[in-house]
Amino acid sequence: MRDKLEKLLEAYAELEKKMVDPAVVSDPKEYARIAKEHANQSALAAKAREYLTALDDIEVAKEMLRETSDPDEKEMLQEDLTANEAKLPGLEDEIKVMLIPGDPNDEKDTIVEIRGAAGGDEAAIFAGDLFKMYERFASSRGWKIEVFSASPSDAGGFKTIEFKVTGDKVYSVMKYEGGVHRVQRVPVTESQGRIQTSTATVVVMPEADDIDIQIAAEDLRIDTYCASGPGGQGVNTTYSAVRITHLPTNTVVQSQDQRSQIQNREVCMQMLRARLYEMELEKQQAELGAERMGQIGRGDRAEKIRTYNQPQDRVTDHRIGFNATYNGVLLGDKLVTVIDALAAAERAQKLAEAV
């Protein structure tokens, strides 16, 4: 462990030298890459220094204990020795988790699709409630939400809504939300007061850059049509709405909510790249023989990952058996408690695998 951490700190020192190297500073792209790597390694470097310092203090204390005959000094040295030895196992566990390669997508912005599933109008209303929950969550973290496409339901909520979340390490947090969400409550459309179970699916995709997914122009069929629904003078008079079909995979994306055809086309390309990138990730994972991207993670869409039970004021995440309150999570600001629990479970799983 000592040798590995000393080499890690040497590499970290090299990064610090590069950050003040005029050749690097004059190259914005290279400087941004080095700065990002430096920032990503800073917590591990600090923990490595703490661990090595504890090891050194232990050796010094042992040496001094062998040399001294003073009872008071021996007692003080033994206390220091015991304290530093007690620190080591915890530091080792933390460092082992930090040394496990992270998901390369964690730094990316995210495209999210929420779709009402089983339950008719109530499913659409629930999809709208989930969107509001993510709006509050994003706002609390200083993230920005941009709606790409939305199909409102007459009863309220959305049949489907697709949006982009931009901010610091968005995918590292939002990836836990992918899957089937289930709600049990009395719908506003229910006159007899009966509890109904409805579901909505949440798809979470890391935004793909051009360098991640290369799309050939000849593989695309681009259709334009008149936007429908409420809007300005351009609605139903200009062909501003765009539908793009990726012919090799028969993947279809469309957008009509932006102000111009150019903007709608760019939104479509962002959604298409994200969908194709997700397909590639799933293909790679399938080749490794895994059913989904980690024991805790994005969640299989065919699986119920979470239940929101209004009568019992309880939200249960079935992947880890974690419980929180309905009002706190769906209607309040406590989604963070569920996601923190999922992240902690993932760290524990990684640590167990590393050990």
Mind checking whether some residue in the range 100-112 is closer than 30 Å to V188 by Cα and either in contact with a Phe, Trp or Tyr (Cβ under 7 Å, 6 or more places away or on another chain) or not aromatic (F, W, Y) (or both)? yes
The range 7-66: number of residues that are more than 30 Å from Q78 (Cβ to Cβ) and either β-branched (V, I, T) or not assigned by TED's automatic domain parsing to the domain that holds L91 (or both): 4
Selection status of N309, within 15 Å of D129 (Cβ to Cβ) and not aliphatic (A, V, I, L, M): yes
Please determine, by comparing only the residues of the range 12-45 that are among the aliphatic types (A, V, I, L, M) and surrounded by 13 or more Cβ atoms within 10 Å (Cβ to Cβ), which one is nearest to L91 (Cα to Cα). L44
Looking only at the range 83-113, and only at residues there that are more than 21 Å from K47 (Cβ to Cβ) and out of contact with any helix residue (DSSP H, G or I) (no Cβ under 6 Å at 6 or more places or on another chain), the one that is surrounded by the most Cβ atoms within 10 Å (Cβ to Cβ): V112
Please give the strands (runs of 3 or more DSSP E) falling wholly within the range 141-212 in which 3 or more residues are in the same structural domain as K304 (by TED's automatic domain parsing), surrounded by fewer than 23 Cβ atoms within 10 Å (Cβ to Cβ) and small (G, A, S). 144-152
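The values are calculated or read from the model by the stated rules, or taken from the named source; none is laboratory data. Source: prediction; values computed, not measured. Here Cβ is always computed from backbone atoms with ideal geometry, including for glycine, and neighbour counts include all displayed protein chains.
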